[in-house]
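Got a structure here, written out as structure tokens. Questions coming.
The values are calculated or read from the model by the stated rules, or taken from the named source; none is laboratory data. Every value quoted in this text rests on a predicted model; they were computed, and no experiment measured them. Cβ placement follows ideal geometry from the backbone for every residue including glycine, while neighbour counts extend to all protein chains displayed.
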Amino acid sequence: HAADKGNHRHFMQKEIYEQPVVVAQTLRSYLQRMEGHVTLPIPDNDLSDVRRVTIVACGTSFYAGMVARYWFEQFARVPVDLDVASEFRYREPVMEAGGLALFISQSGETADTLAALRHARREGQRIAVVCNVPTSSMAREADILLPTHAGPEIGVASTKAFTCQLAVLAALAANLARAKGKLSDAEERDIVRHLAEAPAAINGALAYDETIEAMAGSVAGARDVLYLGRGTDYPLALEGALKLKEISYIHAEGYAAGEMKHGPIALIDDQVPVIVIAPSGPLFEKTVSNMQEVRARGGRVILISDYDGIQAAGEGCEATITMPKVHPLIAPIVYAVPVQLLAYHVAVAKGTDVDQPRNLAKSVTVE
Ligand code: AGP
């Protein structure tokens, strides 16, 4: 594949940089920008009776599902069940006939997710699949196929597939909300407008690559790293920790910021970098107060926020990363970028095999 890397040192880096283009490409097939409509390959009539959505996936795709849960509940007011695929079948989940079961997978071949899909089908669920490989098993078995147009993802650590999944899931949430009569025309237009801003905002985030590279050395020496976020930034904290673990082999954990004082704060000392993901928005103050608790215990805080957030709370942080100011809807798409870049540069600093990390397979086809 060497030739396909273009100017990039690793596939992961190339794929991080492809995100403005592939997210735009993905959005193009789900948004009618001029008209201000989301357009999915499902008639609204088929969605209006959905009373529950069950989301199942693994790894990074699971975290995309976790972000989507906030959106489905917030916009469409539909209750959401969410599981990692390896747990789903075995807990004997209760699914009412006529529910929508949503499976998210880059490869479309992950064994646990595929088995969960078949289980949900036997339980009378309608099967929707968000998938990056249109010829995959999951894509073939879907009632409703929602492709991500990320193009082939080679790096074992998923990057562009994740942001494209988020783009599709946001459009699906809006479509579901419209079908359920929970979204006015004006609100739909706003959602379309905000989503359409994502590719440019991702570009804005990529502009901080060198800043992030410069701070990677100080994280590379750590034994443990914590990631904190609230709301849709909580799944991003989990995703940040997963990325770092996978490719740098540093132990990392993501926590809901408000959970810190229920245990994990005991880990804080001056050796532990704490990455705080806090775009300005309704939850900003709350996350910042959790961040101050960490600082008061000597924690080394790296704050990822926008200019206003960093002006308000950046003082005393070991480092800050300034993101473009974006609407909260697209914040998880944009803030995925610094989180990916940090993991990438830490791994490069440590000299690990970024694209082929030890013990991992790109597609996990055994249970
Ligand atoms: C992500 O960086 C991982 N390598 C892994 O967690 C992955 O997301 C998971 O195995 C799910 O794969 P899928 O999306 O192809 O189903």
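Quick one: would you say Leu176 is part of a helix (DSSP H, G or I), hydrophobic (A, V, I, L, M, F, W, C) and either within 16 Å of the ligand (Cβ to nearest atom) or modelled with pLDDT of 95 or more (or both)?
yes
Continuing with this model, one more query. In the stretch 262-316, which residues are free of Cβ contacts under 8 Å to residues at least 24 places away in the same chain and of a type outside the set (A, V, I, L, M)?
His262, Gly263, Glu285, Ser289, Gln292, Arg295, Tyr307, Gln311, Gly314, Glu315, Gly316, listed by residue number.
Can you work out which of the residues in the stretch 346-367 that are within 16 Å of the ligand (Cβ to nearest atom) and assigned to a helix (DSSP H, G or I) is surrounded by the most Cβ atoms within 10 Å (Cβ to Cβ)?
Residue satisfying both the conditions and the ranking: Val346.
Please tell me if Ala167 is aliphatic (A, V, I, L, M) and touching a helix residue (DSSP H, G or I) at 6+ places or on another chain (Cβ under 6 Å).
Taking the combined requirement at face value, the residue satisfies it.
Could you grab the pairs with beta carbons closer than 8 Å, sequence gap of 6+ or different chains, first residue in the stretch 232-261 and more than 25 Å from Val348 (Cβ to Cβ), second one assigned to a loop (DSSP other than H, G, I, E, B) and within 13 Å of the ligand (Cβ to nearest atom)?
Within 8 Å, no pair qualifies.
Within the stretch 106-130, can you find the residues that are of a type outside the set (D, E, K, R) and more than 13 Å from Val56 (Cβ to Cβ)?
Once the filter is applied, which keeps residues that are of a type outside the set (D, E, K, R) and more than 13 Å from Val56 (Cβ to Cβ), the stretch 106-130 yields Gln106, Ser107, Gly108, Gly124.
Still on this structure: Here is a check on your reading of the model: is Ala24 closer than 30 Å to Ser184 by Cβ, buried (at least 23 other Cβ atoms within 10 Å of the Cβ) and among the small types (Gly, Ala, Ser)?
No, not satisfied.
How many of the residues making up the stretch 120-146 are basic (Lys, Arg) and touching a helix residue (DSSP H, G or I) at 6+ places or on another chain (Cβ under 9 Å)?
Adding up the residues that qualify gives 2.
Provide a single number: the residues in the stretch 194-230 that are part of a loop (DSSP other than H, G, I, E, B), buried (at least 17 other Cβ atoms within 10 Å of the Cβ) and of a type outside the set (D, E, K, R).
Number of matching residues: 2.
Based on what the data block shows, is Arg69 away from the ligand (no atom under 16 Å from the Cβ), under 21 Å from Ile42 (Cα atoms) and touching a residue at least 24 places away in the same chain (Cβ under 8 Å)?
Against the criterion (away from the ligand (no atom under 16 Å from the Cβ), under 21 Å from Ile42 (Cα atoms) and touching a residue at least 24 places away in the same chain (Cβ under 8 Å)), Arg69 does not qualify.
Moving on to the next point. Right, Tyr63: assigned to a helix (DSSP H, G or I), aromatic (Phe, Trp, Tyr), closer than 28 Å to Ser158 by Cα and in contact with a Ser or Thr (Cβ under 6 Å, 6 or more places away or on another chain) or not?
No: the conditions fail for Tyr63.
While we're on this one: Go over the candidates Gly108, Gly124, Gly151, Gly181 one by one and state the one that is within 16 Å of the ligand (Cβ to nearest atom) and surrounded by fewer than 18 Cβ atoms within 10 Å (Cβ to Cβ).
Residue meeting the stated conditions: Gly151.
Another question, if that's okay. Only one residue in Ile42, Ile55 is over 13 Å from Lys182 (Cα atoms) and assigned to a strand (DSSP E or B). Which one?
None of the other options fit; the residue is Ile55.
Turning to a different aspect of this structure: If you check Ala150, Ala177, which single one turns out to be under 23 Å from Ile191 (Cβ atoms) and touching a Leu at 6+ places or on another chain (Cβ under 7 Å)?
Going through Ala150, Ala177 in turn, the sole match is Ala177.
Please state which of the following conditions Leu145 fails to meet, knowing it meets all the rest: (1) under 29 Å from His194 (Cα atoms); (2) within 14 Å of the ligand (Cβ to nearest atom).
Here Leu145 meets the rest and fails (2).
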